[in-house]
Amino acid sequence: MWDDQRRIVQGHPVLRPDILGFENLESAAAHVLLEMDNLGWQKAVFVGLSMGGYVIFRLWNLAPERFVGMVLADTRATPDTAEQKVGRARTAERIRAEGMGFFPEGALQTNLGDTTRANRPALVEQVRQTFLAADPGRTIASLKGLADRPDSVPLLPTITVPVLILVGEEDTLTPPAEARRMADGIPDNRMLIIPGAGHLSNLENPKAFNTALQGFLSELIVH
């Protein structure tokens, strides 16, 4: 999903850790740190969208000294509500019983914005195939991790590195109001609403996303 962003960081080392399949996000964060250690990396700019953003909060909780900066895209600091926890549990049970075949039906409606679903059939199909290809067992584990994640709002004022907050204007899963809440709590941040995009803003409007990302990285990285 990050292929469109790779060219923005050409010339710099990039790690794309696989964070699917962990029953708690602290373990996912520890996995990211282990992959960094294996490469000999001391610090990084962490970029995460949706669940990736939740993992970034856990990373900050575990090892803030490893951060140069962070990009929080289409994510939130608040935990799941009771209703959301029930919804994730029901989805997990259905995956266990049926596999992933049903999953895109609802996920495409919530993950992609109206503009994308109306005008970009090729991207809709790409995302559909990505959902279908996901491993059922690992998806079930991640649903548990998402449901059980702690409240990260108390972490916001402790974040001492620069933060870029991005959110699709049509994102209904983690809407702009949640992005503003993060911006209100983080001392050094800049926030941008990505036009014509839903929850997968880096795929739906890569030009706007990349422009913002490139500008932010230019502040942090010495070429």
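All of the numbers you see were taken from the coordinates with simple rules; none came from a lab. Since the structure is predicted, the reported quantities are computational estimates derived from the model, not experimental observations. Glycine also receives a Cβ, built like all others from the backbone with ideal geometry; neighbour counts cover every protein chain displayed.
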Value of relative contact order over segment 142-187, rounded to a whole percent, pairs C-alpha under 8 Å and six or more apart: 44
Fewest-first ranking of MET182, MET1, using other Cβ atoms within 10 Å as the exposure measure: MET1, MET182
Contact order normalised by residue count of the chain, Cα under 8 Å, 6+ apart, percent: 26
Environment charge at ASP4 (Cβ cut-off 14 Å; Lys +1, Arg +1, Asp -1, Glu -1): +3
Rg and Dmax [Cα atoms of segment 1-51; Å; Rg one decimal, Dmax integer]: 11.8, 34
Cα-derived Rg over Rh, computed across segment 86-207 with Rh taken as Kirkwood radius: 1.01
Local net charge near LEU33, Cβ-Cβ under 13 Å (Lys/Arg +1, Asp/Glu -1): -1
Net +/- balance of residues flanking ASP184 in space, Cβ distance below 14 Å, scoring K and R +1, D and E -1: +2
Cα-only radius of gyration and Dmax that characterise segment 18-92, units Å: 13.3, 42
Calculated diffusion of the chain, Stokes-Einstein form, Kirkwood radius summed over Cα pairs, 25 °C and 0.890 mPa s, µm²/s: 137
